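All of the numbers you see were taken from the coordinates with simple rules; none came from a lab. The shown structure was predicted, so the numbers you read here are calculated from the model rather than taken from an experiment.
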Amino acid sequence: MHRQMCWLPKSGGDGEKILFLQTEPGQPWRPYTAFGHFAVPDYPIPGGSKGWATYQKLLKAGWTLVPSARANEFGNSSYVESRNF
């Protein structure tokens, strides 16, 4: 099964990156918060990375981390904005 994750800047943000997920080839990258069945609550650390706890969980479950630059290759540069973070 195609399960990839990547750190991308949140839309309209200050350059801060959050975890984005892609579950099917060719699908847009979506913030981890859009996947309630995969996401876990963020650690209560001020200034901590949004999605770090989810990243750790998914990495252990066999998900693949894709470099940010590679996420933008082959037309996969689009991502769906979510206001849940």
Subtracting the Cα-Cα distance from 0.36 nm times the residue separation, let me have the gained length for H37 to A61 in nm, one decimal. 7.3 nm
Residues whose placed amide H lies under 5 Å from that of V40, excluding near-sequence neighbours: T54
